[in-house]
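The structure under discussion appears below in the form of structure tokens.
Since every read-out is calculated from the coordinates, none of them should be taken as a lab result. Here the structure is a predicted model, which is why all the values come from computation and not from measurement. Backbone-built Cβ (ideal geometry, glycine too); neighbour counts: all protein chains shown.
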Amino acid sequence: MTQLDRITQLDLAGHRLGEPQRAGALTMVPVTGPERAGIAAPRSGLKLSRVRGYGDVELHNAGDGVAIVPLHLGYIQDAAQNHALCRSALMPAGQRRRFRDACCVQASQGGYLQGRDQWFFVLPLELRARALELRGQEGYSKLWEDITRLNHRCGLPARGHLEQILSRKRPTLTQFRGRLEPVPGQVGALFFVGDRFAGLELAPDRRYFAEMWMALVCFAYGVAAWQAEPARQEAEPYPVSSPAEVRRALERDRDERRAEVGRWLAAVPEGGLEVQEEERYLDLRLSTVTGDHLAGQVVTERGRPIYASLFARRW
């Protein structure tokens, strides 16, 4: 946690890192710690009520408490224009709010959503730094060139359709959800792709994090991990002959993974971070964090972080 405090410059006292889990190129380290009750969960409390026009979406906080809109939240809609947000937001219970700086993530697809079923995602790591830079700027097609380049890197047709990855590659990406498992009391996670730090996600409570789990592990970080997947090799069997030797071998493996994560964190440069407050509600403060190697947004309450989505700026 000392290394993580250094990288993020957040006061993460009370939080703890769990045992690293690995699925191919993706490593997830659970974060447990204090919970902040009364925050509306993103799937059950926050709804996309309608798309008013290209790049102009309206959200509704249908929960009982204030909602923290997840950074880079996006929605896939049946036969309608798919959109993603460039920023987070604080929304009191019952509020409807328009985001005129949203971006279309499906070029040349017509139609608007009006009370239809939907599922949400978080923009892939490769698009997040650019999307954050575009917050506040209107223009529905502003992310199409970046999506086109990402599709080309993924060996897909070079066009501004993020749906080519999120929907058509969904069976591949959802494998990460099955191979990695949240632990009891988990409120956040560290993500690494290969040996590189990819991001820190911190939620107000375990319910919020559970509802974000698929969007984060499959889409926000799973796309980069899918591209970095190592060639499959047959695992070498442990040379053990008793249950006691199996336990010792497993413990050695855990020790090696913990040490590895420590080395990866130590390798993250300590660039100066700039913090810019964006909005506030009661004691909650939403701020944008920007540095040479890290970017994202955080929500603090009396100086303590209750939500964070910080990711590697260059990928």
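Odds and ends about this structure:
- Residue within region 267-275 that is touching a residue at least 12 places away in the same chain (Cβ under 8 Å), outside any loop (DSSP other than H, G, I, E, B), surrounded by 12 or more Cβ atoms within 10 Å (Cβ to Cβ) and in contact with a Pro (Cβ under 6 Å, 6 or more places away or on another chain) present: no
- Across region 266-298, the qualifying residues are those that are hydroxyl-bearing (Ser, Thr, Tyr) and over 17 Å from residue 202 (Cβ atoms), and the one among them that is farthest from the chain's Cα centre (by Cα) is 281.
- Members of region 6-52 found to be assigned to a helix (DSSP H, G or I) and over 19 Å from the mean Cα position of the chain (by Cα), listed by number: 6
- Among the helices (runs of 4 or more DSSP H) confined to region 160-209, the ones with at least 2 residues that are out of contact with any helix residue (DSSP H, G or I) (no Cβ under 8 Å at 6 or more places or on another chain) are located at 175-179.
- Which numbered condition residue 172 fails, given (1) within 17 Å of residue 228 (Cα to Cα); (2) surrounded by 15 or more Cβ atoms within 10 Å (Cβ to Cβ): (2)
- Members of region 175-187 that are small (Gly, Ala, Ser) and either touching a residue at least 40 places away in the same chain (Cβ under 8 Å) or surrounded by 15 or more Cβ atoms within 10 Å (Cβ to Cβ) (or both): 185
- Residue within region 198-214 that is touching a Gly at 6+ places or on another chain (Cβ under 7 Å) and of a type in the set (Asp, Glu) present: yes
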